[in-house]
Protein chains: 2
Amino acid sequence: MEPGPHGYAAARREADGPSLTSSAEFHRWWDERLRSGGFSVERIAFDRLDSWAFDPRTGNLGHDSGRFFTVEGLRAREGSRDVRSQPIIHQPEIGILGIVVKEFNGVLHCLMQAKMEPGNVNTIQLSPTVQATRSNYTQVHKGKVTRYLERFVGPDRDQVLVDVLQSEQGAWFWRKRNRNMVVLATGDVPLADNFVWLTLAQVRELTQRDNLLNMDARTVLSCMSFALPDKAETAPVDAFGAALVRSYKDETADGGGTGGGHALHTQREILSWFTEAKTRCEWSARLVPMNEVAGWTRNDREIAEAGGGGKDFRIIAVEVAANTREVAGWTQPLLHPYGQAHAAFLTRPIDGVLHLLVRARPEYGLMDQVEMAPTVHLLPGQDLDDVSEPFLRDVLRAGAVTSRYDQVLSEEGGRFYNALTRYQILEAQEDFPLDVPPEFRWVTVRQLMDLLWHGHYLNVEARSLLTCLYSLR
Amino acid sequence: MEPGPHGYAAARREADGPSLTSSAEFHRWWDERLRSGGFSVERIAFDRLDSWAFDPRTGNLGHDSGRFFTVEGLRAREGSRDVRSQPIIHQPEIGILGIVVKEFNGVLHCLMQAKMEPGNVNTIQLSPTVQATRSNYTQVHKGKVTRYLERFVGPDRDQVLVDVLQSEQGAWFWRKRNRNMVVLATGDVPLADNFVWLTLAQVRELTQRDNLLNMDARTVLSCMSFALPDKAETAPVDAFGAALVRSYKDETADGGGTGGGHALHTQREILSWFTEAKTRCEWSARLVPMNEVAGWTRNDREIAEAGGGGKDFRIIAVEVAANTREVAGWTQPLLHPYGQAHAAFLTRPIDGVLHLLVRARPEYGLMDQVEMAPTVHLLPGQDLDDVSEPFLRDVLRAGAVTSRYDQVLSEEGGRFYNALTRYQILEAQEDFPLDVPPEFRWVTVRQLMDLLWHGHYLNVEARSLLTCLYSLR
């Protein structure tokens, strides 16, 4: 199996074939997992944190071992003017988010895990085979060995299909990346408790349920652009489905406005647009001691914006008791958003090929300042009516869009407490303008898939939405 | 003209055709520029710097305007252990290094500039059309407008052929990138003083002279992988030349060890190797106040390693008087290395296709910690005999390599004082091992060219050597 960065077509695998696990079996199994959880998550005061403490000199919150992560301060400046001060999670280690895939009966299956995370609104979610920080797998906390890890690292690992560093939330993490991996097993893979084999089509289908497929699974799946529906094998449901299938195609990548290809812009034009967007950033951000973060205060239970008018998030602490994680119980800090965010891709067919309206979005915690994001990304409390760009707001207010996808999904439950995002894919009508403000561009799905072989292009919300898009017909 | 990120073949232009400027004319013109320079560069004490000062609180050296760059401290840590402390140049703005190209008589020409930089060992060097920091072109220093800049930015710019952010020296700069651009002019381009039209072949040929083509020109030229020699148009001189031409070819990019292609590894394998190299970095680096940099001291004329045993560099100040730059005279700090560095690519044909032995090299100032570097990169005072890897040292000591390129070239004269690097391209014999330590990989030129459409892959020394390689036959 040789996808190659430019060889998606060569990696085709039947995604719709018979599964080892029927959907009914999966849901029975899932309900069982939910019932047998046996854990609790409780908010606690900071002074009940075990092995975590505030550094008296800096005010940073960290673990005694110096590992895991710290809560520090971020300050962004334009020239000599402060434009943003906030707490931020700093975790310089690169972890692994990995899915083992294997063919059964000629159909590619993914080994997925029912995994508890303390911040999950519903305790367990469906996760990649392996989800390991470096601290996890070098066993700083002396827990159990991470299962299946040896299939991703070391001399005897399986065949690597995907291996790329991808960013996570730039608003909450300081330059965090994880290694997104997919490996193909050919030998025997014993099935452990809390793991299940599902076909790619089944896993993608689970994006149609609220809060089931976790963020880590979604980001890895976004990089698995193989076995997508093909016109030859699937009769598209409607014009949208047909345009979507065309948007996956190889030939769109090198086409261009001048050459009669299928994409509105050549990939070179997209890269130049993105480069230009980065040069427009006048700010630079750096870590500072939490003590120097203006406008935020700490009491015994949370770090929050002073004055109580917080709209973004606060830092809290929790105590966890669980059977299904590497250790039996622990305490840790979490970032707790004040409400639900909202991310949406506006799409439209252009000459019969579906295009997504991506936005070059700066975020203070991103390593390279700007990544490609969904068309709109609203903070808790805002609605589509609050979109600031008139060309978008008008069409959204008028309801002149068709919703193709609309679910609430969770962000990383190991660092965020009850962080929910409403994800939408909206189809605009054919008269929606192609000429858009400089921070936006119309791109095909294939163009985004090609960029996913590299890091620092698509942000985590855009990747989540791509995975949701793959589930559509 | 549509190179496209994957469409090098489509961008072919005759490079060897007749030039507007014969080589004899160029060299006469160059000698004239040298004679008419009329400038001087003098080392001065820090207290003679005008508008530059040390911040009493941090010890950082900066400009009163808050622009240009600062000299700050860098500290890298592994866990809680310091692994490196040093001064570092911090310049968060993204500048433009741009070359205007235009066809004359059907041959692509580059508009090059004779440009003085205070750190140049020979005062002027051949530079891109435009070499502008953001401070330059927003005119913080109230000098003249940067010539030809309007061809790269704004609504009336020329057609963009190359537009990518590329890193610079990770040992001396904190996360510095410049925007490498090439634009194609179709209308009239008036020729200003100190500018000259040369064909791509002529510019590449100038890498065969010591200290003539400056670093900024070399990095932009490395991204211009069009109009390279083709087997069909050029009879290769020998087996090396034939292997080099094959190494440029399209079909090598998607080949693989399993599929009988032309490259030893698939591009996907190269990307995975590179991802893995990043995860091996256990250190993280951050900016700190210069006052907190241990082991370095400042007197009235330099910041240097304490004890006088400095092997790397010191920070100095200079006063410049010149006619040919945007303003008539100025003072500024510069980084002054203690001697000449040495960078070399080891190459060998594999199945008739030239491969380069790249190294995943960590540098503390790189944004993403690791980039692909030449096989060896030695500090001043070290020679090839000092290479620490036995598999390399043995072959180099035994002299079992053929030198294909060997010149001394200068690094950025606007920030570094007399920073010279000996660049070499060495050909190993066919029995040199293909199985190399984990930080090395054999790659084709084409594979590197494909990565140059993106930033953070090839470091600046690797890019310089690629440009030198393009000059070989």
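The values are calculated or read from the model by the stated rules, or taken from the named source; none is laboratory data. Keep in mind it's a predicted model, so treat the numbers as computed, not measured. Reconstructed Cβ throughout: ideal geometry from the backbone, glycine too, with neighbour counts over all protein chains shown. What goes into the accessible areas is simple: the full protein's heavy atoms, side chains included, and nothing from ligands, DNA or RNA. Shrake-Rupley method; radii C 1.70, N 1.55, O 1.52, S 1.80 Å.
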Study note, to complete from the structure: Filter the stretch B:147-157 for residues that are surrounded by fewer than 23 Cβ atoms within 10 Å (Cβ to Cβ) and within 12 Å of chain A (Cβ to nearest Cβ); the one that is nearest to residue B:364 (Cα to Cα) is B:153
Check your understanding: What number of residues within the stretch A:349-386 are closer than 22 Å to residue A:240 by Cβ and surrounded by fewer than 22 Cβ atoms within 10 Å (Cβ to Cβ)?
Key -> 5
Check your understanding: Does residue B:121 satisfy being more than 14 Å from chain A (Cβ to nearest Cβ), under 21 Å from the mean Cα position of the chain (by Cα) and in a strand (DSSP E or B)?
Key -> no
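One line per residue, one yes/no per condition, for (1) out of contact with any strand residue (DSSP E or B) (no Cβ under 7 Å at 6 or more places or on another chain); (2) of a type outside the set (S, T, N, Q):
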| position | (1), (2) |
| --- | --- |
| B:82 | no, yes |
| B:94 | no, yes |
| B:100 | no, yes |
| B:106 | yes, yes |
| B:112 | no, yes |
| B:124 | no, yes |
| B:129 | no, no |
Practice item. Find all pairs meeting these conditions: Cβ atoms under 7 angstrom apart; at least six residues apart or on different chains; first residue within the stretch A:111-129 and under 16 Å from residue A:421 (Cβ atoms); second residue among the aliphatic types (A, V, I, L, M) and surrounded by fewer than 22 Cβ atoms within 10 Å (Cβ to Cβ). Key: A:121/A:420; A:125/A:212
Check your understanding: Only one of these conditions is not met by residue B:465: (1) surrounded by fewer than 23 Cβ atoms within 10 Å (Cβ to Cβ); (2) at pLDDT 95 or above. Which number is it?
Key -> (1)
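Name the single residue, out of those in the stretch B:328-348 being of a type outside the set (Gly, Ala, Ser) and open to solvent by 30 Å² or more (accessible area, probe 1.4 Å), that is farthest from residue B:378 (Cα to Cα). Reasoning before the result, please.
Kept after step one, since they are of a type outside the set (Gly, Ala, Ser), are these residues of the stretch B:328-348: B:330-338, B:340, B:342, B:345-348.
From what is left, the residues that are open to solvent by 30 Å² or more (accessible area, probe 1.4 Å) are B:330, B:338, B:340.
Numbers: B:330: 33, B:338: 13, B:340: 9 Å.
Here the residue is B:330.
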Point to revise | Filter result for the condition that a residue is within 14 Å of chain B (Cβ to nearest Cβ) and either among the small types (Gly, Ala, Ser) or under 16 Å from residue A:330 (Cβ atoms) (or both), over A:23, A:36, A:65 | key: A:65
Check your understanding: In the stretch A:424-450, how many residues are within 15 Å of the chain's Cα centre (by Cα) and in a helix (DSSP H, G or I)?
Key -> 2
Review point. Residues in the stretch B:76-89 that are within 12 Å of chain A (Cβ to nearest Cβ), assigned to a strand (DSSP E or B) and open to solvent by 20 Å² or more (accessible area, probe 1.4 Å): how many?
Key: 3
Revision key, fill the gap. For residue B:115, the lone unmet condition from (1) within 12 Å of another protein chain (Cβ to nearest Cβ); (2) surrounded by 23 or more Cβ atoms within 10 Å (Cβ to Cβ); (3) out of contact with any Phe, Trp or Tyr (no Cβ under 8 Å at 6 or more places or on another chain) is (1)
Practice item. Mind checking which strands (runs of 3 or more DSSP E) fall wholly inside the stretch A:295-398 and carry at least 1 residues that are small (Gly, Ala, Ser)? Key: A:303-305, A:313-321, A:329-337, A:341-350, A:353-362, A:370-373
Practice item. Answer yes or no as to whether residue A:287 is open to solvent by less than 70 Å² (accessible area, probe 1.4 Å), within 14 Å of chain B (Cβ to nearest Cβ) and either at pLDDT below 95 or over 27 Å from residue A:414 (Cα atoms) (or both). Key: yes
Review point. Can you pull out the residues in the stretch A:290-303 that are of a type in the set (Asp, Glu) and open to solvent by 50 Å² or more (accessible area, probe 1.4 Å)?
Key: A:292, A:300
Check your understanding: Among the residues of the stretch B:43-60, which ones are open to solvent by less than 60 Å² (accessible area, probe 1.4 Å) and not in a loop (DSSP other than H, G, I, E, B)?
Key -> B:44, B:46, B:52, B:53, B:54
